[in-house]
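FYI, it's all coordinate maths here, none of it is from the lab. Note that the structure is a prediction, hence the values are computed from the model and not measured. When we count neighbours, we look across all protein chains shown, and the Cβ atoms used for this are built from the backbone with ideal geometry, even at glycine.
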Amino acid sequence: MCDILFLVASYGTGHIKVALALQSAILSLNPNISTKIVDFIDLVDPYLNEISQWIFMMILKYYPSLWGRFFKRTENISLDSFRHNFLNIIGSEKLIDLLKKEKPRVIVCTYPIQVGVLSRLKRLGIIDIPVVSVVTDIAVHSFWLHPYVDLYIVANRMAKEILISKGVPAYKVKDTGIPIEPKFAEPVDIDRAFNILELKRDIPVVSAMMGGYGLESKLIEVTDVLLKLDLPFQGVIVTGRNEKLRKSLLEKVKGRNHIRVFGYIEYNKELLAVSNVFITKAGAVTISEALAMETPMILYGVIPGHEEENAQFLLNNNVALIAYNPLELEEKIRLLLTNKNLVEKMKALAKNIKKPDSAIDGAKLILSLLYNNTG
């Protein structure tokens with residue numbers, strides 16, 4: 001049994017990281033609350049979960065434009081459409097069994113499919129549990145929109161206005177930001193950060209990260225650019241859980257001691273704190289963390305669809321640059337390493353839109369629902 005049930009999905013790492021951030025914030029506010037995180041797709045069918053993750057990663061790796069077209073074509077589909085209704089049935093029986101077992105008083109979703117399933121169960125009167133939809137991108141895709149959601153937590157005012165324009169009551173939408181770990185709201189010990197990463201304080205740091213599974217082709221290109229760069233800098237490449245890529249890049253930078261390669265790291269806050277330039281695709285959680293640390297970003301390898309929307313938000317607010325090929329990437333790195341005025345401007349603008357307290361603020365809203373639900 002649990003008080004708050006988190007339903008996530010393992011497509012990338014962002015949806016799980018958001019749930020973990022909210023869970024951490026909730027427990028910091030009330031350690032007596034019981035929580036549980038469940039992968040919804042794994043609940044439905046572990047084999048389906050495994051194969052669908054593989055297909056998703058292959059699409060992003062080899063045919064990203066296919067994902068972009070799917071995203072655009074379904075971005076504004078009607079709630080009455082076949083695709084909406086078909087997805088809303090997936091895993092209903094197993095989800096009902098889980099809810100009977102756990103008896104949660106609030107359900108928090110960080111992936112859209114389960115939001116639709118829950119909304120249908122509420123419409124049919126099968127369950128009566130408050131549902132929170134945490135939209136894990138700056139853009140609000142139609143798959144997130146369902147009439148029986150009790151609370152939407154979104155990235156910013158723009159996302160809030162989009163939901164309201166689509167008929168969601170304003171009182172249901174809170175723009176507290178995409179939840180990131182509560183530690184991003186705390187001061188950072190810079191000396192400790194440099195020591196942890198074994199970096200020197202007097203040399204600029206250029207870091208690169210492409211999500212938890214590290215998209216191979218783009219990180220290889222980033223590494224090649226850094227190997228040619230003739231400015232003084234320290235490079236940090238993070239490959240996440242892509243162990244094959246980590247070993248390959250270690251071999252590529254062999255003998256070049258100013259460039260280091262890491263796999264999955266826990267010190268993402270420290271890395272962002274010491275980075276003068278941060279190269280990344282436009283994953284919502286990663287860019288939210290970088291904004292919290294006011295780290296100048298170069299967007300590279302942006303995935304068509306949801307990440308294009310995230311990237312456009314950053315570009316519109318002048319808190320990031322974007323590069324579309326290795327030549328442009330080298331130019332943008334040089335620009336940020338040599339133009340102090342531009343860097344200071346980007347930092348100042350990031351300060352205006354960052355939301356380092358997003359997890360705590362979201363946790364307070366979820367706890368308020370919990371306390372008000374006496375069922």
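So the values come out like this:
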| quantity | calculated |
| --- | --- |
| Ranking of SER65, SER133 by count of other Cβ atoms within 10 Å, fewest first | SER65, SER133 |
| Estimated 222 nm signal from helices in the chain, with DSSP H stretches of n ≥ 4 weighted -39500 (n - 2.57), rounded to 500 | -15000 deg cm²/dmol |
| Residue among ALA282, GLY362, ALA139 farthest towards the positive dipole end of the chain, charges placed on Cβ | ALA139 |
| Fewest-first sequence of PHE313, PHE233 by Cβ atoms within 10 Å of each Cβ | PHE233, PHE313 |
| Distance violations [Cα-Cα > 28 Å] among LYS103/LYS172; LYS172/LYS281; LYS17/LYS94 | LYS172/LYS281 |
| Cross-link reach list, aspartates and glutamates versus LYS200, counting only Cα pairs under 12 Å and skipping chain neighbours closer than eight places | ASP191 |
| Inter-label distance for GLU93 and LEU66, nm, one decimal - labels placed 7 Å from Cα along Cα-to-Cβ | 3.1 nm |
| Ellipsoid equivalent to the chain - semi-axes via the Cα gyration tensor, in Å | 37, 22, 20 |
| Summed side-chain charge close to LEU227 - residues other than LEU227 whose Cβ falls under 10 Å, Lys, Arg +1, Asp, Glu -1 | +2 |
| Listed pairs LYS36/LYS345; LYS61/LYS101; LYS61/LYS254; LYS174/LYS345; LYS100/LYS244; LYS101/LYS354 exceeding 32 Å between Cα atoms | LYS36/LYS345; LYS61/LYS101; LYS100/LYS244; LYS101/LYS354 |
| Cα centroid separation, the range 283-302 to the range 19-35 (Å) | 25 Å |
| Lys/Arg +1, Asp/Glu -1 at C-beta; the range 183-353 dipole; positive extreme among VAL319, VAL302, VAL222 | VAL222 |
| The range 119-178 - Kirkwood radius from inverse mean 1/r over Cα pairs (Å) | 11.6 Å |
| Projected label distance in nm at ASP150 and GLU266, using a 7 Å step from Cα toward the beta-carbon | 3.4 nm |
| All aspartates and glutamates inside 18 Å of LYS218 as judged from Cα atoms, apart from same-chain residues fewer than 8 positions distant | GLU243, GLU251, GLU307, GLU308, GLU328, GLU330, GLU331 |
| Student exercise, the range 92-214 dipole from Lys, Arg, Asp, Glu Cβ charges, in Debye to nearest 20 | 580 debye |
